[in-house]
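Okay, so here's the structure we're looking at.
All of the numbers you see were taken from the coordinates with simple rules; none came from a lab. In this text the structure is predicted, and so the values were computed from the model without any measurement. As a convention, Cβ positions derive from the backbone with ideal geometry for all residues, glycine included, and neighbour counts pool all protein chains shown.
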Amino acid sequence: MRESDFQHSLIYEIKQRFPGAFVMKNDSRYIQGIPDLTILYKNHWACLECKVDKDAHRQPNQEHYISKMNEMSFASFVYPENKEDILDAMEQAFQH
């Protein structure tokens, strides 16, 4: 599976799980290392960095942005192996 295919299916699943959510793709050329997706849902937000698998290469600064954004709201790396756990955690974060 390509990362773009995983990202496309993930966006669809997020929109199904969080009706009315806005899912925006971020431009990594603007800020290197910024997560792939920003999700706005009600009065909450999350950022997700999509990877094709848990061992996929991470670009410089990705860990930094995920860590900082997770302190502010919710942010995580997501890949097929942890997708359900991440979506469950995101749902819990959106309930608080």
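Lys and Arg at +1, Asp and Glu at -1: add these up for the other residues within a Cβ distance under 12 Å of Ile66 and post the number.
Values: positive: Lys51, Arg58, Lys68; negative: Asp36, Glu49, Glu63, Glu71.
Every neighbour counted, the sum reads -1.
Can you list the residues, at least 5 places off or on another chain, whose amide H is less than 5 Å from the amide H of Val78, using H built in the peptide plane?
Residues meeting the amide H criterion: Glu49, Cys50, Lys51.
What list of ³J(HN,Hα) values in whole Hz, one per residue of the stretch 17-27 in order, does the Karplus curve 6.51 cos²θ - 1.76 cosθ + 1.60 (θ = phi - 60°) give from phi, with Gly and Pro shown as x?
For the stretch 17-27, the Karplus-derived couplings read 6, 10, x, x, 5, 9, 10, 10, 8, 8, 9 Hz, x marking Gly and Pro.
According to the square roots a ≥ b ≥ c of the eigenvalues of the Cα gyration tensor, what is the shape class of the stretch 45-86, taking rounded for a/c under 1.5, prolate for a/b larger than b/c otherwise, and oblate for the remainder?
Values: a/c = 2.88, a/b = 1.24, b/c = 2.33.
Judged from the Cα gyration tensor, the stretch 45-86 comes out oblate (a/c at least 1.5, b/c at or above a/b).
If we count every other residue with Cβ under 14 angstrom of Glu84's Cβ, Lys/Arg +1 and Asp/Glu -1, where does the sum land? List each step's numbers first, then the result.
Values: positive: Arg17, Lys54, Lys83; negative: Glu13, Glu81, Asp85, Asp88, Glu91.
Summing Lys/Arg as +1 and Asp/Glu as -1 gives -2.
For labels at Asn82 and Asn61 in the simple 7 Å Cα→Cβ model, what's the distance in nm?
Roughly 2.2 nm, to one decimal.
Please label the shape of the stretch 1-66 as rounded, prolate or oblate, based on the square roots a ≥ b ≥ c of the eigenvalues of the alpha-carbon gyration tensor (a/c under 1.5 means rounded; beyond that, a/b larger than b/c means prolate, else oblate).
On the way: a/c = 2.18, a/b = 1.34, b/c = 1.63.
It is oblate, given that a/c is not under 1.5 and a/b is not larger than b/c.
Quick one: if you stick a label point 7 Å off each Cα along the C-beta vector at Gln95 and Met24, how many nm between them?
2.8
Highest first, please rank the peptides 7-20, 38-51 by the mean number of other Cβ atoms sitting within 10 Å of their residues.
Numbers: 7-20: 14.3, 38-51: 18.8.
So the peptides 7-20, 38-51, ranked by packing, come out 38-51, 7-20.
Quick one: 3J(HN,Hα) in Hz for the stretch 77-87, Karplus 6.51/-1.76/1.60 with θ = phi - 60°, rounded, Gly and Pro as x.
7, 9, 8, x, 5, 10, 3, 5, 5, 5, 5
What 222 nm value per residue comes from the helices of the chain, counting each DSSP H run with n ≥ 4 as -39,500 (n - 2.57) and dividing by all residues, nearest 500 deg cm²/dmol? Could you put the intermediate results ahead of the total?
Details: 3 runs with 39 residues, N = 96.
It lands at -13000 deg cm²/dmol.
Evaluate the charge dipole of the chain about its Cα centre and quote only its size in Debye, nearest 20, assuming +1 on the Cβ of each Lys and Arg and -1 on the Cβ of each Asp and Glu.
Working: 11 positive and 15 negative charges, 70 e Å.
For the chain, the charge dipole is close to 340 debye.
Could you go through the stretch 28-42 in sequence order and give the Karplus-derived ³J(HN,Hα) for each residue, using 6.51 cos²θ - 1.76 cosθ + 1.60 with θ = phi - 60°, rounded to whole Hz, and x for Gly and Pro?
With the stated coefficients, the stretch 28-42 comes to 5, 6, 6, 10, 5, x, 5, x, 5, 10, 10, 10, 10, 9, 6 Hz.
Report, in debye and to the nearest 20, how large the dipole of the stretch 23-71 comes out about its Cα centre when Lys and Arg carry +1 and Asp and Glu carry -1 on their Cβ.
Details: 7 positive and 7 negative charges, 26 e Å.
The dipole magnitude comes to about 120 debye.
Have a look at the DSSP beta bridges in the chain and tell me what percent are antiparallel, nearest 5. Display every interim value, and only then the final one.
Numbers: 9 of 13 bridges.
Counting only bridges with both partners in the chain, antiparallel ones make up about 70 percent.
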